[in-house]
């Protein structure tokens, strides 16, 4: 779950298996410059995107390329799948939850055909940002991780 450690820190867990990289490595200025919020990206190794904590699905974009999740304490966790994938109009994405659903950590949220996405010349990075945070900053451990693995902390700035 999105573990509440104290009033200043929350644990962050990876939603996918793969290589965790910094926002600065994303080849899109909207993300790499933090315009959507602070966060990280994962270069995925398989087709499933998992719930990184227990929470609620707040929004699923019509093109299925992004899912907005909320922790029980109200922190937004936006999972954006691929770059420029909105142009695929949902093709290659199977969303396994719906808006308003409550979910458990490690529950599959989406199945993504990353081979199809790559065949359309789209980057397959799974980007995680915290769009509403102004007083906290995520700190993650870069490198290879599996879904559900604690990769960092969300700390007060």
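The values are calculated or read from the model by the stated rules, or taken from the named source; none is laboratory data. Computed from a predicted structure; not experimentally measured. Cβ: placed from backbone, ideal geometry, glycine included. Neighbour counts: every protein chain shown.
For the stretch 128-140, check the following and say yes or no: at least one residue is over 16 Å from residue 17 (Cβ atoms), surrounded by 15 or more Cβ atoms within 10 Å (Cβ to Cβ) and modelled with pLDDT of 95 or more. So far as the stretch 128-140 goes, no, none of its residues is over 16 Å from residue 17 (Cβ atoms), surrounded by 15 or more Cβ atoms within 10 Å (Cβ to Cβ) and modelled with pLDDT of 95 or more. When you look at residue 82, is it more than 13 Å from the chain's Cα centre (by Cα), buried (at least 17 other Cβ atoms within 10 Å of the Cβ) and closer than 21 Å to residue 18 by Cβ, yes or no? No, not satisfied. Restricting the search to strands (runs of 3 or more DSSP E) fully inside the stretch 6-64 and requiring at least 1 residues that are at pLDDT below 95 gives 9-13, 18-22, 38-44, 55-60.
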